[in-house]
Amino acid sequence: MTRTPVNVTVTGAAGQIGYALLFRIASGHLLGADVPVNLRLLEITPALKAAEGTAMELDDCAFPLLNSIEISDDPNVAFDGANVALLVGARPRTKGMERGDLLEANGGIFKPQGKAINDHAADDIKVLVVGNPANTNALIAQAAAPDVPAERFTAMTRLDHNRALSQLAKKTGSSVADIKRLTIWGNHSATQYPDIFHAEIAGKNAAEVVNDQAWLADTFIPTVAKRGAAIIEARGASSAASAANAAIDHVHTWVNGTAEGDWTSMGIPSDGSYGVPEGLISSFPVTVKDGAYSIVQGLEINEFSRTRIDASVQELTEEREAVRGLGLI
Ligand SMILES: NC(=O)C1=CN([C@@H]2O[C@H](COP(=O)(O)OP(=O)(O)OC[C@H]3O[C@@H](n4cnc5c(N)ncnc54)[C@H](O)[C@@H]3O)[C@@H](O)[C@H]2O)C=CC1
Ligand SMILES: O=C([O-])CC(=O)C(=O)O
């Protein structure tokens, strides 16, 4: 091991996503096959023993890149020196709930964690919020961390992005590897808008290849936007391995960059682009270079897309008002 280990803090380490995530971080999928990691696991006190069990299993894998594991129930300890923070720990929704129903329950978790990041994390900290409602939880954590550049707080819409890639590949009989420039706009919720108008399949415009507006409006968009609920219905528990996979993808792209000619979707603080009010944490098409992301500019937004982006952004605005009302930001 020649490189300095990177400190990766994972909250909710004993949960279902944690169990699917930690082994992939420790085996090099998050940061790269040559980057050693120190894992810092944050859990609530009653779940510490379960987290210890997971740590024992991590030991038993003898991962060459896993330099150390520390477990704590104190955010000030778990975020100390963190370079990457994956905020997963939160209550998941169950059947019949919308993610927004979790605002009050989960909002209280993200304020103290934001403060602990502010006070203890490394200067280059990158934060991904997975716990739902992810966009607004990211806003809460960010508001509690005024000394950390706002753009370091991001929310996960990569699972939605991956779901959209898969559905589009199936419909068109293509490979996901041939699809580029797909975008998830807005909130990680049922109002999100998966946009294929700028996407390409093997170099051809995806909307033209599909050429089926009814499928787009009545099948593709609702299938992607409501996939989380469909998984809960089928599995009796919310998505875990696919969520962990998307978290790996999100951070890997943030650190290592997007491929030439392609972009990805990330929930990031709006700079006002595309009419999204400044400061809202909304999903955008982004390219990443040298560890920094930029919103893809200059895309023409047709009326079909505009209405849907506006609806999701309206929901984000209402969530921001709700957490203001709760004193969380
Ligand atoms: N953004 C996205 O695309 C997705 C988000 N999610 C969300 O991820 C979150 C976690 O899901 P699961 O792992 O399935 O839930 P889980 O219930 O299996 O695990 C959550 C873990 O968080 C821990 N936890 C609770 N409060 C904590 C705190 N203050 N500090 C540290 N840990 C704490 C719990 O003890 C538990 O071990 C949920 O909010 C879920 O809705 C899930 C799938 C996709
Ligand atoms: O739907 C949920 O509650 C879990 C989640 O965010 C997803 O699978 O997209």
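The values are calculated or read from the model by the stated rules, or taken from the named source; none is laboratory data. These numbers come from a predicted model, not from an experiment. So basically every Cβ, Gly included, is an ideal-geometry build from the backbone, and we count neighbours across all protein chains shown.
A few notes on this one:
- Any hit, region 193-209, residues being at pLDDT 95 or above, of a type in the set (A, V, I, L, M) and under 22 Å from the mean Cα position of the chain (by Cα): yes
- Flag if Ser305 is among the polar types (S, T, N, Q), touching a residue at least 40 places away in the same chain (Cβ under 8 Å) and closer than 22 Å to Arg93 by Cα: no
- Lys95 being surrounded by fewer than 21 Cβ atoms within 10 Å (Cβ to Cβ), more than 15 Å from ligand 1 (Cβ to nearest atom) and basic (Lys, Arg): no
- Among residues of region 225-236 that are among the β-branched types (Val, Ile, Thr), those with a beta-carbon under 6 Å from a residue that is near ligand 2 (Cβ under 9 Å from one of its atoms) at least six positions away or on a different chain give the pairs Ile231/Ser239; Ile232/Ser238.
- Of all the listed residues (Ala26, Ala78, Ala85), the sole one being at pLDDT 95 or above and under 16 Å from the mean Cα position of the chain (by Cα) is Ala85.
- The lone exception for Ala322 - which of (1) part of a loop (DSSP other than H, G, I, E, B); (2) out of contact with any Phe, Trp or Tyr (no Cβ under 9 Å at 6 or more places or on another chain) it fails: (1)
- Filtered residue count, region 208-240, keeping only those that are over 18 Å from Ser189 (Cβ atoms) and near ligand 1 (Cβ under 10 Å from one of its atoms): 2
- Residues of region 110-157 that turn out to be within 17 Å of Ala90 (Cβ to Cβ) and charged (D, E, K, R), as a count: 2
- Pick from region 144-160, criterion more than 11 Å from ligand 2 (Cβ to nearest atom) and touching a strand residue (DSSP E or B) at 6+ places or on another chain (Cβ under 9 Å), ranking: farthest from Ile231 (Cα to Cα): Val148
For (1) among the hydrophobic types (A, V, I, L, M, F, W, C); (2) under 18 Å from Ile248 (Cβ atoms); (3) surrounded by 21 or more Cβ atoms within 10 Å (Cβ to Cβ); (4) more than 9 Å from ligand 1 (Cβ to nearest atom), each residue gets a yes or a no:
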site: Glu52; (1), (2), (3), (4): no, no, no, yes
site: Leu66; (1), (2), (3), (4): yes, yes, yes, yes
site: Ala78; (1), (2), (3), (4): yes, no, yes, no
site: Ala85; (1), (2), (3), (4): yes, yes, yes, yes
site: Arg99; (1), (2), (3), (4): no, no, yes, no
site: Phe110; (1), (2), (3), (4): yes, no, yes, no
site: Ala122; (1), (2), (3), (4): yes, no, no, yes
site: Val127; (1), (2), (3), (4): yes, yes, yes, yes
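- Residue pairs whose Cβ atoms lie under 9 Å apart, sitting 6 or more positions apart in sequence or on different chains, and linking a residue in region 127-146 that is outside any helix (DSSP H, G or I) to a partner that is crowded, with 24+ Cβ neighbours inside 10 Å and of a type in the set (Phe, Trp, Tyr), are Val127/Phe153; Leu128/Phe153; Val129/Phe110; Val129/Phe153; Gly131/Phe110; Ala144/Phe110; Ala145/Phe153.
- Residue within region 172-179 that is crowded, with 21+ Cβ neighbours inside 10 Å and either touching a residue at least 24 places away in the same chain (Cβ under 8 Å) or among the small types (Gly, Ala, Ser) (or both) present: yes
- Residue among Asn205, Asn211, Asn135 that is polar (S, T, N, Q), buried (at least 24 other Cβ atoms within 10 Å of the Cβ) and either closer than 20 Å to Ser283 by Cα or out of contact with any His (no Cβ under 7 Å at 6 or more places or on another chain) (or both): Asn135
- The criterion of at least 2 residues that are more than 16 Å from ligand 2 (Cβ to nearest atom) and without any contact (Cβ under 8 Å) to a residue 60 or more places away in the chain is met, among strands (runs of 3 or more DSSP E) falling completely within region 1-104, by 37-42, 66-72.
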